[in-house]
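Take a look at the structure set out below.
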Amino acid sequence: MQDVNKVANEARKSLSKYCMEECKSYCCRKGYIILKPTELDLVIGDKKDKLMEEESLRELSFSGKYSFNLSNSFGSCTQLKDEKCLIHQNVNRPSVCKEFPIFITGKIIRISPRCYGHKAGLLYPFIKKFKELGYDVEE
Ligand code: SF4
Ligand code: SF4
């Protein structure tokens with residue numbers, strides 16, 4: 001039987017061309033991501049002061065994590081260049097970036113409704129596989 005993580009990785013990889021050529025990395029340009037303190041330097045680097053000043057980067061009370069608005073004055077995540085993520089090969093990149101748009105929790109798989117590749121139906125063959133593997137899929 002196929003491993004669910006392997007199928008999820010195949011599904012994410014299958015979107016790569018669409019992400020760059022059609023969607024133009026929408027999910028790195030719009031919305032928010034939550035960063036752990038250990039991810040902050042890697043993603044924000046020397047832009048921290050400017051992003052804090054314009055309130056595109058905020059420390060969340062109690063958790064110590066940061067909320068990063070991707071629609072900031074730089075126009076996107078600070079690691080996006082020519083529709084590509086500069087830290088894509090880095091194992092320490094944020095977990096949300098590794099997992100988007102497919103999130104696995106126990107026997108439930110959530111597919112982000114914000115993903116244009118998913119809206120275009122590109123993930124349907126994989127959703128079928130997830131269900132065959134006994135997972136509930138929320139879209
Ligand atoms: S929204 Fe979906 S299709 Fe668009 S860049 Fe992000 S992962 Fe790719
Ligand atoms: S770190 Fe990379 S994948 Fe994550 S939002 Fe920024 S550009 Fe996108």
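On the given criteria, is G64 away from ligand 1 (no atom under 16 Å from the Cβ), free of Cβ contacts under 8 Å to residues at least 24 places away in the same chain and of a type outside the set (S, T, N, Q)? Talk me through it step by step, then tell me what you get.
Numbers: away from ligand 1 (no atom under 16 Å from the Cβ): yes; free of Cβ contacts under 8 Å to residues at least 24 places away in the same chain: no; of a type outside the set (S, T, N, Q): yes.
Criteria not met by G64.
Please go through the stretch 1-23 and give me each residue that is surrounded by fewer than 15 Cβ atoms within 10 Å (Cβ to Cβ) and assigned to a loop (DSSP other than H, G, I, E, B), ordered by number.
Correct list: M1, Q2, D3.
Need pairs with beta-carbon distance below 6 Å; first residue under 23 Å from Y116 (Cα atoms) and within the stretch 18-43, second surrounded by 13 or more Cβ atoms within 10 Å (Cβ to Cβ) and charged (D, E, K, R); sequence gap 6+ or separate chains.
M20/E83; K24/E83; S25/E83; I34/K65
Answer yes if at least one residue in the stretch 105-114 is surrounded by 15 or more Cβ atoms within 10 Å (Cβ to Cβ), modelled with pLDDT of 95 or more and within 12 Å of ligand 2 (Cβ to nearest atom), and no otherwise.
no
Within the stretch 22-53, count every residue that is more than 20 Å from N72 (Cα to Cα) and more than 10 Å from ligand 1 (Cβ to nearest atom).
Qualifying residue count for the region: 1.
Please go through (1) within 14 Å of K6 (Cα to Cα); (2) surrounded by fewer than 13 Cβ atoms within 10 Å (Cβ to Cβ); (3) not acidic (D, E) for Y124 and return the number of the only condition it doesn't satisfy.
(1)
If you check S76 against the conditions, is it within 14 Å of the chain's Cα centre (by Cα) and either of a type in the set (S, T, Y) or near ligand 2 (Cβ under 10 Å from one of its atoms) (or both)?
Yes; evaluated as a whole, the condition is true for this residue.
Out of the residues in the stretch 67-108 that are of a type in the set (F, W, Y) and assigned to a loop (DSSP other than H, G, I, E, B), which is nearest to ligand 1 (Cβ to nearest atom)?
Going through the stretch 67-108, the residues of a type in the set (F, W, Y) turn out to be 68, 74, 100, 103.
Of the ones still in play, those that are also assigned to a loop (DSSP other than H, G, I, E, B) are 74, 100.
Values: F74: 17, F100: 6 Å.
For the stretch 67-108, the residue satisfying everything is F100.
Could you figure out which of (1) at pLDDT below 95; (2) more than 15 Å from ligand 2 (Cβ to nearest atom) isn't true of K84?
(2)
Suppose we filter the stretch 109-139 for residues that are in a loop (DSSP other than H, G, I, E, B) and of a type outside the set (D, E); how many remain? Give the steps one after another, and end with the answer.
Narrowing the stretch 109-139 to residues in a loop (DSSP other than H, G, I, E, B): 112-115, 120-123, 133-135, 139.
Filter once more, so that each one left must be of a type outside the set (D, E): 112-115, 120-123, 133-135.
Number of matching residues: 11.
Which residue pairs have Cβ atoms closer than 8 Å, lie 6 or more positions apart in sequence or on different chains, and pair a first residue in the stretch 90-119 that is closer than 17 Å to S25 by Cβ with a second residue that is of a type in the set (F, W, Y) and part of a loop (DSSP other than H, G, I, E, B)?
So the pair list comes out as S112/F100; C115/F100.
The values are calculated or read from the model by the stated rules, or taken from the named source; none is laboratory data. What you see is a predicted model; the values in this text were computed from it and never measured. Heads up, the Cβs are rebuilt from the backbone with ideal geometry, glycines too, and the neighbour counts pull from every protein chain shown.
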